[in-house]
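Chemist: This is the structure I have questions about; it appears just below.
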Amino acid sequence: MTRRPHPTLRPDPQLDPQLDQSPDRPDPQRRALLGQAGASALLAATGSARAAERFPERPMTLLVPFAPGGIADITARAVGEAMARRLGQPVVVDNRPSAGSIVASQAVATARPDGHTLLLMSNGHAVSVGLFRKLPYDTRRDFAPISTLGFFDIGVFTGAGSRLQSLKDLLAAARAQPGRLNVGTIAVGSTQHLAAKLFETVAGIDLTVVPYKASPAVVNALRSGEIDVAFEILGPMVAQVQAGAVRVLAVSSDRRNPALPDAPTVAEAGVAGYNVASWNALAAPAGTPPEVIATLNQAVREALGQAAVQERLAKLGMRPAASAPADMARLLDGEIRRWGEVIRTARIEPE
């Protein structure tokens with residue numbers, strides 16, 4: 001005997017009309033709510049489009065979480081000036097240096113999301129996620145990526161009279177006497193410091209990493225022989241190399257740097273898989289209309305395409321590079337995961 005399938009039991013809508021919520025028979029209250037939601041969405045979209053058409057309506061403020069005169073500040077001013085010419089409104093650089101870039105970042109995270117308040121981001125933002133137990137914002141969610149601005153290498157340097165003539169010499173010396181080589185960087189948790197710690201891990205060697213307060217102190221220690229090696233960004237070091245005061249053994253990224261074209265990459269020189277580049281980028285508060293983000297992205301692209309801007313950034317040892325907002329978001333996410341692992345491996349205690 002063939003069993004008939006059990007019929008599906010459904011409540012009788014005549015007994016309780018509120019139970020009949022199928023798409024084919026929406027109740028009047030639901031139809032009204034749907035209509036209101038649709039109208040609200042249409043008004044929001046229309047308002048966003050109109051705001052984008054008028055943008056920018058006033059001068060824009062670009063918050064830089066570093067002091068005036070450094071690479072980040074010079075980058076912000078060079079790109080900001082070119083963007084201002086494209087957009088027809090000034091870009092005012094506001095320097096707000098602080099530990100972990102927190103002060104400037106919090107100001108932007110809580111600013112009105114209309115595109116008139118911008119943040120110069122860096123890989124330091126990714127590092128801070130691992131260095132601080134709690135930040136007053138979510139680095140992934142509270143900012144709208146606009147574009148990368150450029151990447152700059154870290155170099156591995158020795159003094160001009162050092163016995164370490166190449167990266168292979170450095171590796172051999174470190175393996176012969178683990179922990180005896182002193183490596184100078186700026187502060188604990190800086191990109192230079194973490195680049196040195198990552199170098200230890202990837203190369204499988206033991207170094208004594210000595211942090212200094214600022215780059216000039218690192219350079220002086222290297223030239224005096226107080227340290228054997230320095231990990232430092234190229235900007236302040238190119239002139240030192242050209243003057244014969246220090247020697248560059250390698251650069252950190254996956255390609256040779258035009259500022260020091262004869263210097264091999266760390267990977268070329270014998271440490272396969274090592275690839276570190278510091279970077280700067282532009283972001284806005286989360287919730288900034290996509291049309292405004294697109295306008296800003298195009299302004300960045302045009303700014304970085306100008307020969308004068310490229311020349312100015314090249315002097316800093318920087319490779320200008322714009323990106324799509326989504327690509328910048330992926331970069332930030334990957335850097336947060338990467339440096340978080342380096343911090344844990346180096347046993348750096350979060351603050």
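Chemist: What are the ³J(HN,Hα) values, in whole Hz, obtained from phi via the Karplus relation 6.51 cos²θ - 1.76 cosθ + 1.60 with θ = phi - 60°, for each residue of segment 289-300 in sequence order, with x given for Gly and Pro?
Modeler: x, x, 5, 5, 4, 5, 5, 5, 4, 5, 5, 5
Chemist: Follow-up. Apply the Karplus curve 6.51 cos²θ - 1.76 cosθ + 1.60, θ = phi - 60°, to the phi angles in segment 334-351 and return the couplings in whole Hz, x for Gly and Pro.
Modeler: Values, residue by residue: x, 5, 4, 5, 5, 6, x, 5, 4, 4, 5, 5, 7, 6, 7, 6, x, 7 Hz.
Chemist: Straight distance only, please: which lysines reach the Cα of K213 with their own Cα at less than 27 Å, same-chain residues fewer than 8 apart left out?
Modeler: K134, K197, K315
Chemist: With every protein chain kept in place and ligands, DNA and RNA left out, what is the accessible area per residue of segment 257-334? Probe 1.4 Å, answer in Å².
Modeler: Details: 3110 Å² over 78 residues.
Result: 40 Å² of accessible area for each residue.
Chemist: Long-range amide H contacts for Y212: which residues qualify at under 5 Å (H placed 1.01 Å from N, peptide plane, sequence gap of 5 or more or a different chain)?
Modeler: Here T185, I186, A187 satisfy the definition.
Chemist: Once label points are set 7 Å from the Cα along Cα→Cβ at both N275 and Q89, what is their separation, rounded to one decimal in nm?
Modeler: Result: 3.8 nm between the two label points.
Chemist: Which cross-chain or sequence-distant (5 or more) residues have an amide H under 5 Å from the amide H of N280, H modelled 1.01 Å from N in plane?
Modeler: Result for N280 returns L149, G150.
Chemist: Which part of segment 145-178 falls in the paramagnetic zone of A245, meaning amide N under 20 Å from the point 7 Å along Cα-to-beta-carbon?
Modeler: 153-164
Chemist: Show me, for segment 315-332, the HN-Hα J-couplings you get by feeding each phi into the Karplus relation (A = 6.51, B = -1.76, C = 1.60, θ = phi - 60°), rounded to Hz, glycine and proline as x.
Modeler: Those phi angles translate into 5, 8, x, 9, 9, x, 7, 7, 8, 6, x, 5, 5, 5, 4, 5, 4, 4 Hz.
Chemist: Quick one: which residues, 5+ away or cross-chain, put their amide H under 5 Å from the amide H of N95? H built at 1.01 Å from N.
Modeler: It is V64, by chain and number.
Chemist: Any chance you could look up the accessible area of T345 with a 1.4 Å probe, heavy atoms only, rounded to 10 Å²?
Modeler: Result for T345: roughly 70 Å² accessible.
The values are calculated or read from the model by the stated rules, or taken from the named source; none is laboratory data. This one's a predicted model, so the numbers in the text were calculated from it and none came from an experiment. Virtual Cβ from ideal backbone geometry, glycine too; neighbours counted across all protein chains shown. Remember, those area values only see protein heavy atoms, side chains included, never the ligands or the DNA or RNA. Shrake-Rupley method; radii C 1.70, N 1.55, O 1.52, S 1.80 Å.
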